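Participant: Quick one: structure below, then a few questions.
The values are calculated or read from the model by the stated rules, or taken from the named source; none is laboratory data. On a predicted model such as this, the values are computed, not experimentally measured, just so you know. Reconstructed Cβ throughout: ideal geometry from the backbone, glycine too, with neighbour counts over all protein chains shown.
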Amino acid sequence: MNDMKPLEIKKIFENAQDFLPLNGTDYIELYVGNAKQAAYYYKSAFGFQTIAYSGLETGNMDTVSYVLNQGKIRLVLTSSLVADSPINAHVNKHGDGVKVIALWVDDATKSWEETTRRGAKSVFEPKTEKDADGYTVRSAIHTYGETIHVFVERSHYKGVFLPGFQPMVDANNPSPIGLKYVDHMVGNVPLGNMGIWCDFYAEVMGFTQLVSFDDKDISTEYTALMSKVMSNGNGRIKFPINEPAEGKKKSQIEEYIHFYNGAGVQHIAVATDNIIETVTALRQRGVEFLHVPEIYYDTVLERVGTIDEDLEPLRDLNILIDRDDEGYLLQIFTKPVVDRPTLFFEIIQRKGAQSFGKGNFKALFEAMEREQELRGTL
């Protein structure tokens with residue numbers, strides 16, 4: 001990791017209070033049952049590269065972590081090496097899932113002070129960690145469910161990841177597939193909790209609400225949900241928050257909360273500059289995607305207008321299209337990447353659009369319902 005100096009990043013959403021400057025997503029840490037095998041999956045299927053490691057060989061007797069990188073995305077896959085541990089308790093309760101959404105900041109101490117002063121519950125106070133490559137400062141607060149935000153200050157560190165990790169170059173590093181950065185991360189919360197957590201991001205972290213979707217926007221014959229999208233001022237951190245709405249059958253949000261045993265990260269949206277190439281590679285590597293009916297493509301160009309891409313490759317790959325006032329976007333959603341019907345990924349390419357694919361909601365949620373029906377959970 002190169003020395004990361006504080007940045008001057010333009011504020012694009014004026015309604016954000018922005019008392020907590022955020023430079024971007026630093027890393028996403030998943031607690032998993034078997035980090036070695038999980039790392040192999042994300043490398044082989046998604047094209048991530050191993051860059052760092054912590055475990056018995058580095059003097060860590062309690063946990064093992066593999067750090068994977070692609071573009072500006074860092075995934076940390078962590079398992080416990082001891083029987084009685086919070087990590088094992090987390091995996092037992094939730095299955096493999098996101099524990100840490102780490103945010104890159106210029107000042108981890110100030111970030112902790114500002115958020116806890118405004119009501120955030122502390123996970124740990126600012127702590128300095130050192131090795132031969134310099135030092136980092138990290139602090140952490142709780143958010144929805146058992147998910148936490150870790151503030152990472154690394155301007156005085158030139159190591160590969162964090163102190164305590166050693167560089168790791170694996171002979172088995174499959175080629176990247178064009179993933180660039182984290183576009184947004186979606187949280188699912190129980191009924192009645194969406195407003196609570198949107199208020200948290202507004203009041204505790206200085207975010208603003210970009211858009212709101214109600215059950216008229218996101219509904220099918222059987223299920224519905226509501227969602228609000230929160231963003232920091234520079235737009236680099238976007239957190240849609242979903243909650244279920246009343247419907248005839250169990251919605252995907254209710255299914256998630258049942259199997260995850262509470263609130264948590266539903267999906268990670270990752271950006272690409274060429275979704276056709278990226279999704280082609282993912283399919284070749286065995287990644288499974290939700291499927292929308294062929295009829296979707298009969299009228300999609302009437303709805304979204306002219307696009308740069310030929311429609312046929314998008315149809316063949318089942319990639320969805322939507323347009324807003326700023327441009328259009330291309331998106332597709334994987335099936336769950338874990339055994340429980342919880343965590344999945346979205347692949348997105350923005351061609352100017354700043355929205356989240358509202359025009360695709362009905363087709364997408366009907367596809368999700370078909371998967372729920374196969375699982376017997378609708």
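Participant: Any chance the stretch 351-366 includes a residue that's out of contact with any helix residue (DSSP H, G or I) (no Cβ under 6 Å at 6 or more places or on another chain), within 19 Å of ILE73 (Cβ to Cβ) and at pLDDT 95 or above?
Facilitator: No: zero hits.
Participant: If you go through the stretch 262-319, how many residues are in contact (Cβ under 8 Å) with a residue 60 or more places away in the chain, part of a loop (DSSP other than H, G, I, E, B) and buried (at least 16 other Cβ atoms within 10 Å of the Cβ)? Don't jump to the end; show me each part of the working.
Facilitator: Just the residues of the stretch 262-319 that are in contact (Cβ under 8 Å) with a residue 60 or more places away in the chain, to begin with: 262-275, 277-279, 281-282, 285-287, 290-293, 296.
Cutting the leftovers down to part of a loop (DSSP other than H, G, I, E, B) gives us 262-263, 273-274, 285-287, 290-293.
With buried (at least 16 other Cβ atoms within 10 Å of the Cβ) added as a condition, the list becomes 262-263, 287, 290, 292.
Adding up the residues that qualify gives 5.
Participant: If I filter the stretch 31-54 down to residues being touching an Asp or Glu at 6+ places or on another chain (Cβ under 8 Å) and either of a type in the set (A, V, I, L, M) or in a helix (DSSP H, G or I) (or both), which single residue comes out as farthest from LEU81 (Cα to Cα)?
Facilitator: Among those that are touching an Asp or Glu at 6+ places or on another chain (Cβ under 8 Å) and either of a type in the set (A, V, I, L, M) or in a helix (DSSP H, G or I) (or both), it is LYS43.
Participant: Please work out which one of (1) touching a Lys or Arg at 6+ places or on another chain (Cβ under 9 Å); (2) more than 25 Å from PHE259 (Cβ to Cβ); (3) crowded, with 21+ Cβ neighbours inside 10 Å is the condition TYR53 fails and give its number.
Facilitator: Going through the list (1) touching a Lys or Arg at 6+ places or on another chain (Cβ under 9 Å); (2) more than 25 Å from PHE259 (Cβ to Cβ); (3) crowded, with 21+ Cβ neighbours inside 10 Å, TYR53 breaks only (1).
Participant: Determine if the stretch 343-358 includes at least one residue that is within 22 Å of the chain's Cα centre (by Cα) and part of a helix (DSSP H, G or I). Working first, answer last.
Facilitator: As a first pass, look at the stretch 343-358 and keep what is within 22 Å of the chain's Cα centre (by Cα): 343-358.
Add one more test, that the residue is part of a helix (DSSP H, G or I), and what stays is 358.
Yes.
Participant: Right, next: Provide a single number: the residues in the stretch 233-249 that are more than 17 Å from GLY195 (Cα to Cα) and modelled with pLDDT of 90 or more. If you could, list the steps in order and put the result at the bottom.
Facilitator: Start the filter on the stretch 233-249 by keeping residues that are more than 17 Å from GLY195 (Cα to Cα), which leaves 233-237, 247-249.
Checking the rest, the ones that are also modelled with pLDDT of 90 or more come to 236-237.
Number satisfying all stated conditions: 2.
Participant: The conditions are (1) within 22 Å of VAL152 (Cα to Cα); (2) without any contact (Cβ under 8 Å) to a residue 24 or more places away in the chain, and LEU30 fails exactly one of them. Which is it?
Facilitator: (2)
Participant: Now a separate question. Take the residues in the stretch 230-261 that are of a type in the set (S, T, N, Q) and part of a strand (DSSP E or B); name whichever of them is nearest to ASN92 (Cα to Cα). Please lay out each step first, then the result.
Facilitator: Here is the first cut: in the stretch 230-261, the residues of a type in the set (S, T, N, Q) are 231-232, 234, 242, 251-252, 261.
Next, only the ones that are part of a strand (DSSP E or B) stay: 231, 242.
Values: SER231: 32, ASN242: 24 Å.
In this case the residue turns out to be ASN242.
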